[in-house]
Every structure is written in structure tokens, then in C-alpha cells.
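The values are calculated or read from the model by the stated rules, or taken from the named source; none is laboratory data. Given the structure is predicted, the values throughout are model-derived calculations rather than measurements. Neighbour counts run over all protein chains shown; Cβ positions are idealised from the backbone, glycine included.
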Amino acid sequence: MDFTLPDSLVQLRDKTRTFIREVVIPYEKDPRRTAHGPSDELRSELIAHARETGLLSPHVDTSLGGLGLPHIGRAVIFEAAGYSMLGPVALNCAAPDEGNMHLMQAVASTEQKERWLKPLAEGKTRSCFCMTEPSPGAGSDPTLLKTTAINDGDDFVINGRKWLITGADGAAFTIIMARTIVDDVDVGSLLTCPIRVFASNARWTRSIHRSPAATLKSGWRTCGCPKRTCLAKSVKGFATHRYASFRRA
């Protein structure tokens with residue numbers, strides 16, 4: 001297997017390295033870089049620099065303003081960005097946003113992409129990913145999910161508790177993982193639904209006061225999610241292994 005990088009990717013890698021070294025690293029001592037990570041003001045400033053340099057969202061399709069790099073290109077540029085902890089923030093490829101963008105590019109409808117993905121890809125918003133639950137709920141294994149999404153006409157009603165949700169504080173929306181209940185039957189699949197983080201009947205508290213990403217815990221109680229917003233092709237959601245492959249690819 002030939003791992004030789006094409007000249008265009010070498011040039012982009014070197015450009016990224018220079019950007020991180022000369023622009024991003026000086027911000028590491030900025031007082032706006034708090035115990036919970038960079039403030040929204042600092043994040044916006046870093047993203048503006050990356051946008052001006054032509055390095056914003058290397059993993060996102062060019063139709064959405066990104067660089068549209070394939071996996072090898074992403075690996076090279078992500079590595080260069082990671083020389084500073086602020087590098088992925090500046091390039092808009094930090095977790096959990098990068099994974100959410102990748103997922104929505106793969107499965108979201110045109111309407112969903114316009115509403116949720118486009119502002120995220122442009123660095124105008126942040127997101128989070130609600131999966132982890134208190135014991136005996138899910139950690140990294142989605143088959144253990146206790147949060148439910150119950151079929152109710154044109155909506156799903158979400159009930160459950162999530163915690164240790166990285167980046168929830170200040171996120172414009174979350175993608176929430178839940179077990180799909182249709183006609184009182186657990187269909188054994190997953191529903192993923194972008195909703196506003198501080199949606200009606202969702203209660204959040206800060207659980208780790210010096211976590212690097214404003215980690216929060218929440219309690220979801222009869223929080224409605226319109227079916228048209230669900231990242232799924234039917235009310236049965238996604239089979240566990242198929243959904244996980246999109247999010248982790």
C-alpha cells in the first residue's frame with residue numbers, strides 16, 4: 001500500500017502547520033481560554049482566522065463551505081491541527097461537532113442539513129451528542145440505552161436521563177440517542193433527533209465544575225421531537241450497528 005501524500009495534500013498540511021504555529025498557539029495564553037475550554041468569543045475569533053486562511057471545516061463537503069477532504073486528507077489535517085488543543089476548535093473539526101457533521105452529511109434530509117448542518121459547518125453554531133446515561137444505562141454501548149422515544153402521532157416523546165454530555169453548555173442543538181417505542185413495542189432500534197439543548201421540559205445541571213468542555217447532565221421528561229426532524233428513514237430509526245458505523249466512521 002502506497003502512503004505517499006499527493007503534493008496538494010502536502011501543501012495543505014504545511015499550510016495548516018504554519019497556521020497552528022503562527023496564529024493558534026499564541027491564543028493558548030488568552031484569558032478567554034477557561035477551565036471549560038475557549039469562550040464562544042474566542043472560538044468565533046479562531047474560526048474567523050481559519051475561514052480567512054481557507055482551512056475551515058476540512059471534513060465537510062465543499063457544497064457546505066468545507067474542504068471536502070477524503071479520509072486520508074482528514075487524517076493528515078486533523079493531525080496537524082492537533083498540535084494545539086485549540087487547533088481543532090479553530091478548524092471547526094473538534095468533537096462532538098465533527099462526528100455530528102459527518103453523521104448529518106450521511107443521513108440528514110435536505111431540510112435538516114439546511115437547518116442544523118449548514119450553520120454548524122460554517123462555524124456559526126455548536127452541537128452536542130446525548131448518549132451517555134447513569135448506570136444501568138448506556139455508556140458507549142447503544143444497546144444499553146434506557147432513554148425512550150415513544151411514537152405519538154406526528155411526534156416522538158422522549159423520556160430519560162443523560163449525563164456527562166460534552167459541550168452541552170452553549171450548544172445550539174443536540175443529537176439525542178433513544179430507544180424507539182412504536183405501538184407499545186420496543187422495536188430494538190435507535191432514534192436520533194436534533195433538538196434544542198434547552199428544550200421544553202429538559203433540565204440541565206453542571207456536573208463537573210472543572211471539566212474541559214462544560215459537561216452537563218440532564219433529565220428529559222416528555223420532551224416532544226417532531227418526526228420530520230429525526231435522522232431516520234422510518235419510525236423504526238436505525239439499526240444499532242448501522243447507526244454506530246455512520247457516527248464513528
key: Residues (in contact with a Leu (Cβ under 9 Å, 6 or more places away or on another chain) and farther than 15 Å from residue 52 by Cβ) located in the stretch 10-25   = 12, 13, 25
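Residues are listed down the side, and each one gets a yes or a no for (1) modelled with pLDDT of 80 or more; (2) assigned by TED's automatic domain parsing to the domain that holds residue 34; (3) within 21 Å of residue 102 (Cβ to Cβ):
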residue: 144; (1), (2), (3): yes, no, no
residue: 150; (1), (2), (3): yes, no, no
residue: 192; (1), (2), (3): no, no, yes
residue: 203; (1), (2), (3): no, no, no
residue: 212; (1), (2), (3): no, no, no
residue: 221; (1), (2), (3): no, no, no
residue: 227; (1), (2), (3): no, no, no
inquiry  = Take the conditions over 21 Å from residue 9 (Cβ atoms) and not acidic (Asp, Glu) and apply them to residue 119. Does it pass?
reply    = yes
ask   = Got a sec? Which of 63, 57 is of a type in the set (S, T, N, Q), within 19 Å of residue 121 (Cβ to Cβ) and outside any helix (DSSP H, G or I)?
value = 57
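May I ask you to verify whether residue 80 is assigned to a loop (DSSP other than H, G, I, E, B) and buried (at least 18 other Cβ atoms within 10 Å of the Cβ)?
no
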inquiry  = So if I check each of 75, 48, which one is more than 18 Å from the chain's Cα centre (by Cα), at negative phi and in a helix (DSSP H, G or I)?
reply    = 48
ask   = How many residues does the stretch 1-18 hold that are surrounded by 12 or more Cβ atoms within 10 Å (Cβ to Cβ) and either β-branched (Val, Ile, Thr) or in a helix (DSSP H, G or I) (or both)?
value = 8
message = Among the residues that make up the stretch 28-46, is at least one of them touching a residue at least 60 places away in the same chain (Cβ under 8 Å) and either in the same structural domain as residue 169 (by TED's automatic domain parsing) or among the β-branched types (Val, Ile, Thr) (or both)?
response = no
message = Just checking, does the stretch 151-165 include any residue being outside any strand (DSSP E or B) and surrounded by 16 or more Cβ atoms within 10 Å (Cβ to Cβ)?
response = no
query = In the set 123, 139, which member is at pLDDT 85 or above, within 26 Å of residue 67 (Cα to Cα), not in a strand (DSSP E or B) and not acidic (Asp, Glu)?
reply = 123
